[in-house]
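Step one of this worksheet: look at the structure below.
Only the coordinates and a few stated rules stand behind these numbers; no lab work does. Bear in mind the structure is a predicted one, so any value in this text is a computation, not a measurement. Heads up, the Cβs are rebuilt from the backbone with ideal geometry, glycines too, and the neighbour counts pull from every protein chain shown.
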Ligand SMILES: C[S@@+](CC[C@H](N)C(=O)[O-])C[C@H]1O[C@@H](n2cnc3c(N)ncnc32)[C@H](O)[C@@H]1O
């Protein structure tokens, strides 16, 4: 593949390569375990799949994207459901995948397609199980998808919690300046308006202008509250502490969450996360 055959392929930072590695390692372990369970079939779902290929910022080499990694895993999944909003990316993905009747590729908004067309193929009563990756750039995911995945009891989920987009656009120290559209995106991702009470507390000290102000909570506090929602509202039994993904200046870009109904799944992911724990800014 020549680089100039592809416009618009994203250059990805080291943290994205780490994410791809983590998901690939778990997907392999998952597929090995599920392939042994003869009464169950297992599928891979990628809601924000991308074009199937990225360019490494560090080496300038092509690296496979998340759907291609999944397709290369042996033993294979029984089916693959891949979604992206962007038509050019879907065209590239279709070319890379080629003819394969096990692969179902959709162009459109995964917030609708997952609920209407894909999750109905992964029902508990039909002995189906799925590994689902939801990897948006920012606040582009609806809580309804996450909650449905949890309550179906068939899905193991990797989820990108987009801290940088939240902090830049929605969780300002002075929330009065935040655009209505960004408040809506935050509420859609969180599932209700309770994020506001998590993110802000009344500051008993007066500010410079002698007005009572608000104190903004730390990333840790906000992430921990979301972790509790995955357990208490979406009803995932196991949600290990998420992995912070840092950029070259050591800022947290997002947290990689994992959620599952199975203790063994959670243990495997904790073990994988721990191998990347010492990874710092590159
Ligand atoms: C971070 S990239 C995914 C990268 C991919 N997981 C990988 O590691 O190779 C996010 C993708 O989400 C797509 N996207 C954005 N909004 C979407 C939506 N509502 N539904 C489906 N895809 C969407 C973008 O076109 C982009 O390709």
| task | May I ask for the angle, rounded to the nearest 10°, between helix 219-232 and the longest principal axis of the chain, with both axes built from Cα atoms and the value confined to 0 to 90°? | result | 60
| Top of 70, 180, 49 by mean-square fluctuation, Gaussian network on the chain, Cα under 10 Å | 180
| field | Helix axis angle, 263-275 relative to the chain longest principal axis, alpha carbon, degrees | value | 70
| task | Assign one of three labels to the range 57-173, namely rounded, prolate or oblate, based on the Cα gyration tensor with a ≥ b ≥ c the square roots of its eigenvalues; rounded applies when a/c is under 1.5, prolate when it is not and a/b is larger than b/c, and oblate otherwise. | result | oblate
| remark: Among 204, 240, 120, the residue with the largest mean-square fluctuation in a Gaussian network model of the chain built from Cα contacts under 10 Å is 204
| remark: Ranked on Cβ counts within 10 Å of their own Cβ, fewest leading, 56, 66, 41 go 56, 41, 66
| field | Helix-only [θ]222 nm of the chain, DSSP H runs n ≥ 4, -39500 (n - 2.57) each, per residue, nearest 500 | value | -10500 deg cm²/dmol
| Which of these, 148, 163, 59, has the largest mean-square fluctuation under a Gaussian network model of the chain (Cα springs below 10 Å)? | 59
| query | How would you rank 171-177, 79-85, highest first, on the average number of other Cβ atoms within 10 Å across their residues? | reply | 79-85, 171-177
| said: I need to check one value: relative contact order of the chain, counting alpha carbon pairs closer than 8 Å and at least 6 residues apart, in percent. | reply: 16
| message | Order these by the 10 Å Cβ neighbour count, fewest first: 140, 42. | response | 140, 42
| query | What's the angle, to the nearest 10 degrees (0 to 90), between helix 14-36's Cα axis and the longest principal axis of the chain? | reply | 50
| query | By counting other Cβ atoms within 10 Å of each Cβ, how are 246, 179 ranked from fewest to most? | reply | 179, 246
